Amino acid sequence: FPVMARHLRKGGCLHVWFLGKGNGEHIHKCLRKLAVQAQWKDYFGGFQPNYYFVSPRSCDPWLSAAHLRKNRVDLVDQPIDFPSREIFLQWLQWGWRAYWERIPAFRQEEFNQDFLKLYASPEGPYRAHLVWLAIDATKF
């Protein structure tokens, strides 16, 4: 926040959205379960995912250090429906790349199937819940 706030004059407003605490929570739970299953655990030895999602409360010290007064700090849930299995899996492989890149290409489809069995029906519907941290603050 300090880097962004230094470009504001007194009374200037900052409006930002970040991925918030709870983002893709069910996706993360399913991936963590898969990573310890016998058929997948060898690919995840020593793996520590580095995803960090912020909560409204965790912003307070940053806002204070940047001389910003919070007007609004909320978590906003945004469900996303995907039209097909393929598009959902492409989105997952991009957003949670750290998991999928550990799986060799010849086992990707098997990993996808196992994930979908844990996450939802392999036949769909394909839905994810994004959680955004919306911040509206004013420089003092």
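Structure above, values below:
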{"item": "Hits among lysines - C-alpha to C-alpha of LYS29 under 19 Å, sequence gap 8 or more where chains match", "result": "LYS21, LYS41, LYS117"}
{"item": "Accessible area of the chain belonging to carbon and sulfur atoms, whole % at 1.4 Å probe", "result": "55 percent"}
{"item": "Per residue solvent-accessible surface (Å²) - the range 50-92, probe of 1.4 Å", "result": "64 Å²"}
{"item": "Label corresponding to Rg/Rh (Cα atoms, Kirkwood Rh) when calculated from the structure given, among (1) 1.10; (2) 1.00; (3) 0.93", "result": "(1)"}
{"item": "Exposure of ILE80 as accessible area (Å², to 10), given a probe of 1.4 Å and all protein chains", "result": "40 Å²"}
{"item": "DSSP loop GluC sites (Glu not before Pro) with at most 14 other Cβ within 10 Å excluded, longest remaining stretch of the chain", "result": "1-100"}
{"item": "Once exposed loop trypsin sites (Lys or Arg not before Pro) are cut out (DSSP; at most 13 other Cβ, 10 Å), longest piece of the chain", "result": "11-140"}
{"item": "Alpha-carbon centroids, the range 7-32 and the range 80-140: separation in whole Å", "result": "17 Å"}
{"item": "Selected from GLY46, GLY22, GLY95 as most flexible by GNM, with the chain as the system and alpha-carbon contacts under 10 Å", "result": "GLY46"}
{"item": "Rel. contact order, % - alpha carbon contacts under 8 angstrom, at least six apart, the chain", "result": "49 percent"}
{"item": "Net charge, PHE18 excluded, C-beta distance under 15 Å - Lys, Arg +1, Asp, Glu -1", "result": "0"}
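The values are calculated or read from the model by the stated rules, or taken from the named source; none is laboratory data. On a predicted model such as this, the values are computed, not experimentally measured, just so you know. Virtual Cβ from ideal backbone geometry, glycine too; neighbours counted across all protein chains shown. Protein only, heavy atoms only, side chains kept; ligands, DNA and RNA dropped before computing areas. Shrake-Rupley method; radii C 1.70, N 1.55, O 1.52, S 1.80 Å.
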